[in-house]
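As structure tokens, the structure follows; a few thoughts come after it.
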Amino acid sequence: MKVVRNNIIPFGKGYGAINLFGILFAKHNMAVTPEVINHEMIHSRQMRELLFLPFYIIYVVEWLINIVRYGGNTRRAYYNIAFEREAYRHSNDLDYLSHRRHFAQWRKQ
């Protein structure tokens, strides 16, 4: 995975990295560990399965719905996006992508 270090993307102080179309943009002070790379590689797999654009549309719509669901708590809304739940659940399993099932973000675990 290509990593681009910068001080602009991702926007906001609470975020250290973002995966845009398979490229990881990370702030200079962000520790890019194997677990972070694995988390973002899981997102890359999700993106490819959904042909990229639908991934981003579903991601944003689910986040907005979650903001309403969780009374404006944007952090809780973020952690409850199906894509994030899968990626965080398996970040420490560096072998996860070798046995991940298609559309695992929507399967019962």
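Across region 69-79, what is the number of residues that are in contact (Cβ under 8 Å) with a residue 12 or more places away in the chain and exposed (fewer than 13 other Cβ atoms within 10 Å of the Cβ)?
Of the residues in region 69-79, 1 are in contact (Cβ under 8 Å) with a residue 12 or more places away in the chain and exposed (fewer than 13 other Cβ atoms within 10 Å of the Cβ).
What number of residues within region 80-104 are touching a residue at least 40 places away in the same chain (Cβ under 8 Å) and not in a helix (DSSP H, G or I)?
Within region 80-104, residues that are touching a residue at least 40 places away in the same chain (Cβ under 8 Å) and not in a helix (DSSP H, G or I) number 7.
Hey, does region 62-72 have a residue that's at pLDDT 95 or above, within 25 Å of Asn7 (Cβ to Cβ), of a type in the set (Lys, Arg) and out of contact with any Pro (no Cβ under 6 Å at 6 or more places or on another chain)?
The answer is no; no qualifying residue exists.
Restricting attention to region 16-33, does a residue exist that is charged (D, E, K, R) and under 15 Å from the mean Cα position of the chain (by Cα)?
No, region 16-33 contains no residue that is charged (D, E, K, R) and under 15 Å from the mean Cα position of the chain (by Cα).
Picking from Asn38, Asn19, which residue would you name as being within 24 Å of Lys108 (Cβ to Cβ), modelled with pLDDT of 95 or more and either in contact with an Asp or Glu (Cβ under 6 Å, 6 or more places away or on another chain) or crowded, with 16+ Cβ neighbours inside 10 Å (or both)?
Step by step, each of Asn38, Asn19 is checked, and only Asn38 is within 24 Å of Lys108 (Cβ to Cβ), modelled with pLDDT of 95 or more and either in contact with an Asp or Glu (Cβ under 6 Å, 6 or more places away or on another chain) or crowded, with 16+ Cβ neighbours inside 10 Å (or both).
Looking only at region 63-79, filter to residues that are of a type outside the set (A, V, I, L, M) and in a helix (DSSP H, G or I); which one of those is farthest from Ile18 (Cα to Cα)?
Arg69
The values are calculated or read from the model by the stated rules, or taken from the named source; none is laboratory data. Please read all numbers here as calculations on a predicted model, not as lab measurements. Every residue, glycine among them, receives a Cβ derived from its backbone with ideal geometry; neighbour counts consider all protein chains shown.
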